Structures are given as C-alpha cells and as structure tokens.
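Scroll down for the structure; my scribbles are underneath it.
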Amino acid sequence: MSASEEGKGNWVFGLIILAIGIIFIVENFTDLEIWGRVWNLWPVILLIWGIKEIWQNKSIFFGVILIAIGTIFLAKYFFDFEVSENIWKFWPILIIALGIDQIFKSFGGVRAKVKRKMKEEEI
C-alpha cells in the first residue's frame, strides 16, 4: 500500500477530531450546549460507514447491517421510536454477521472473482 493510499482516510479522522475540539472549546467559553445535541447524531457514523462498505464493494452484508442499526437509533431520536430492551439480547448477531462476512471475504468475494476473470481473459 502506498503512502498516498494510507493517508486517504486520515483527513476525515483529523476533521472529526478538529470538530470535536472546536465544540468543546466553544462550550467552555460560552453558555451554548452543543455536544448534547451533536451526540444524539452519533448513528450517522454507522450510516456513513455502512454506505462506504457498500460503495467500495468491501462488504455489502456488513454495510446493510450498519445502515440498519444506524437507522434504528436515528429513528429513536427523531421519531420517538421505542426500541425494546430485549433487542440488546441480539447483539451477538453483529459478531456472527462479521464472522460470516470475513468467511466470504476469505473465499474471494466479488472483487477477487472479477480479478480472476480479468486475468483469465488476458491469457
């Protein structure tokens, strides 16, 4: 992996850290309460992560799960959607889904099949 490929995601992480620092400094020197409102939007991170997984063809399965979880938590915030306390009993499904996703990736996945097909066509 080249240095430019390694640094592609770093600017997003840096921007997030910068925004969090600005929020805290504004709260410390004013009477504004920003963090409480921003924190309620944390499921957007799951939505963006899920869309990125699908868009880059890394993992459609894992991406859909992330989007579903993010949507549930955002619906809870915006629409007073009640999530049953029993839902927390199902959290191991995330681990199972991640395991299944990794197994599929190890057997080649979509990208590896396309690459193999392209190499076969070149020969």
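The values are calculated or read from the model by the stated rules, or taken from the named source; none is laboratory data. Worth saying up front: this structure is predicted, and the values here are computed from it rather than measured. Note: ideal-geometry Cβ built from the backbone for every residue, glycine included; neighbour counts use all protein chains shown. Ligands, DNA and RNA are stripped out before the accessible areas are found, and what is left, the full protein with its side chains, is counted by its heavy atoms. Shrake-Rupley method; radii C 1.70, N 1.55, O 1.52, S 1.80 Å.
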Could you state the orientation-averaged shadow area of the convex hull built on the Cα atoms of the range 28-84, in nm² to one decimal? 5.5
Given the Cα-Cα distance of residue 40 and residue 106 and 0.36 nm per residue of separation, how much length would full extension add, in nm? 20.1 nm
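Where does each of 66, 94, 47, 15 land when they are ordered by accessible area, with a 1.4 Å probe and the largest first? If you can, show how the numbers build up before the last one.
Working: 66 10, 94 75, 47 40, 15 95 Å².
Largest accessible area first, the residues go 15, 94, 47, 66.
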Quick check: pseudo-label points 7 Å beyond the Cα along Cα→Cβ at residue 25 and residue 55, how many nm apart are they? 2.9
